[in-house]
1. Val39 versus (1) at pLDDT below 95; (2) over 35 Å from the mean Cα position of the chain (by Cα); (3) under 19 Å from Val110 (Cβ atoms); (4) among the aliphatic types (A, V, I, L, M): which is the lone unmet condition?
2. Output yes when any residue across segment 111-119 is under 28 Å from Asp205 (Cα atoms) and either open to solvent by 30 Å² or more (accessible area, probe 1.4 Å) or not in a helix (DSSP H, G or I) (or both), and no when none is.
3. State which residue is surrounded by the fewest Cβ atoms within 10 Å (Cβ to Cβ) when the search covers only segment 67-107 and only residues that are touching a residue at least 40 places away in the same chain (Cβ under 8 Å) and among the β-branched types (Val, Ile, Thr).
4. If Phe348 meets every condition in (1) open to solvent by 10 Å² or more (accessible area, probe 1.4 Å); (2) at pLDDT below 95; (3) over 30 Å from Arg119 (Cα atoms) apart from one, which number is that one?
5. Output yes when any residue across segment 212-229 is within 27 Å of the chain's Cα centre (by Cα), open to solvent by 10 Å² or more (accessible area, probe 1.4 Å) and closer than 22 Å to Cys299 by Cβ, and no when none is.
6. Confirm whether Gly201 is of a type in the set (Gly, Ala, Ser), more than 29 Å from Lys322 (Cβ to Cβ) and at pLDDT 95 or above.
7. With the condition kept exactly as written, say whether any residue in segment 272-285 is under 22 Å from the mean Cα position of the chain (by Cα), free of Cβ contacts under 8 Å to residues at least 40 places away in the same chain and either within 29 Å of Met172 (Cβ to Cβ) or part of a helix (DSSP H, G or I) (or both).
8. Would you call Glu74 assigned to a loop (DSSP other than H, G, I, E, B), of a type in the set (D, E, K, R), more than 21 Å from Val118 (Cβ to Cβ) and in contact with a helix residue (DSSP H, G or I) (Cβ under 8 Å, 6 or more places away or on another chain)?
Amino acid sequence: MWGGRFAEGPSAIMREINASIPFDKALWRQDVVASKAHVAMLVACGIVADGDAKAIVEGLDKVAAEYEASGVPEDWDLEDIHMTTEARLAELIGPVAGRLHTARSRNDQVATDFRLWVRDAIDQLVAGLGGLQRALVARANEHAESIMPGFTHLQTAQPVTLGHHLMAYYEMAARDVSRFADARARLNRCPLGSAALAGTGFPIDREMTAQALGFDGPTDNSLDAVSDRDFALDFLAAASACALHLSRLAEEFVIWASQPFGFVRLPDALSTGSSIMPQKKNPDAAELVRGHAGRIVGCQVSLMVTMKGLPLAYSKDMQDDKPPVFEAAGLLQLCIAAMTGMVEGATFRTERMREAAELGYATATDLADWLVRAADVPFREAHHITGAAVKLAEQRGVALDALALDDLQAIDARIDERVYKALNVEASVAARKSHGGTAPDEVRARVAEARMALGMDE
């Protein structure tokens, strides 16, 4: 490829460290599509003859068919997918293949291909997140009234509904979709035509290639266009946030499936057994989702460190941009699928959840709120009174609503029998009617909004 400049070929070490074909072959579809758009533009601008362009396009179709059928061959002497495709094209159609590279460089070529690949990956991940959202919404609607303990510090805090809990993850997924959409909008400018770094002297039409490839327009600075990998970092940032959300959901399932909790039975298809303990049903899929989050965050850090000190324009370090992006995209797609299956297939043990909600004095806040509403007690004083009631119930080994009225009135005379209506878990949950609260009617309202946003009722 560049032998005219060098008296000797590369050493074996240089050949190996320089080759990117083992991983950038994943770009072959984008490389073919972008090459077709480029040659069509060259014809329209009178730079390449119609006959030559027709031969190039037909040749590219043959190359693509070969790749589809047999995969991309890995010849390290050809370095990358771009030269691999061009070399095979030359074998098929002869010297006319050399006209394809007119007015472009591998620098703008790879920047374009990579943007196209990331754009496609975003679309696939957003579709996957849509499936997860639909699963969460469906189960939330099913369990709008199923009571469970809500936790802070993993300590029982207040009763909530399982539907409310699941809808919290719907909100996280919606933000993930939004982040990916933002990243897609920012990346959707076409670098093709920036050439190596300074643009080209050929009279090309960059708007034409941008439009043909579905971009919003061409990039505005050739130096930035060939050296920018912000779009990849944006993608990895969105992927990392999404992976963290999936990891949190996975951790919930790991905890809930443990015998001390017993809130859920996981689907067999996403669980494994033990080689020595026949009773075991391990939440391995959830644990791997949790573990993969670390790898995805590591991919983001890897590319950030690669890019942190590079001068303009292109440097060979940037060849290492693709492995972390490819890895993160593949892992995240798998994690989304695993958690979607887990949400869809889990059997929630709602009776166990409700029993747990009655432990830990989860309705203590309701006692304090009742004192504020019914007895006009300032909240800080009500908080103190409630604390004394909890202490007494703890000493007696009973729930708050099991304390006799005389015991409660001994703590504060303003308490009367109406308080018991506020101390059961159903009343506690139903009382939280503020927008976004856990009351079943509120959960159903949020579910209805989500179903509409997802087009589930169309």
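1. (1) is the only condition that Val39 fails.
2. yes
3. Per the criteria, the residue is Thr102.
4. (2)
5. Yes, there is a match, as at least one residue in segment 212-229 is within 27 Å of the chain's Cα centre (by Cα), open to solvent by 10 Å² or more (accessible area, probe 1.4 Å) and closer than 22 Å to Cys299 by Cβ.
6. Values: of a type in the set (Gly, Ala, Ser): yes; more than 29 Å from Lys322 (Cβ to Cβ): yes; at pLDDT 95 or above: yes.
When the stated conditions are applied, Gly201 passes them.
7. Looking for residues that are under 22 Å from the mean Cα position of the chain (by Cα), free of Cβ contacts under 8 Å to residues at least 40 places away in the same chain and either within 29 Å of Met172 (Cβ to Cβ) or part of a helix (DSSP H, G or I) (or both), one finds at least one in segment 272-285, hence yes.
8. Working: assigned to a loop (DSSP other than H, G, I, E, B): yes; of a type in the set (D, E, K, R): yes; more than 21 Å from Val118 (Cβ to Cβ): yes; in contact with a helix residue (DSSP H, G or I) (Cβ under 8 Å, 6 or more places away or on another chain): yes.
Against the criterion (assigned to a loop (DSSP other than H, G, I, E, B), of a type in the set (D, E, K, R), more than 21 Å from Val118 (Cβ to Cβ) and in contact with a helix residue (DSSP H, G or I) (Cβ under 8 Å, 6 or more places away or on another chain)), Glu74 qualifies.
The values are calculated or read from the model by the stated rules, or taken from the named source; none is laboratory data. Remember, it's a predicted structure, so these values are computed and weren't measured experimentally. No Cβ is skipped: glycine too gets one built from the backbone with ideal geometry, and neighbour counts run over all protein chains shown. Each accessible area value is taken on the protein alone, full model and side chains, heavy atoms only, with ligands, DNA and RNA left out. Shrake-Rupley method; radii C 1.70, N 1.55, O 1.52, S 1.80 Å.
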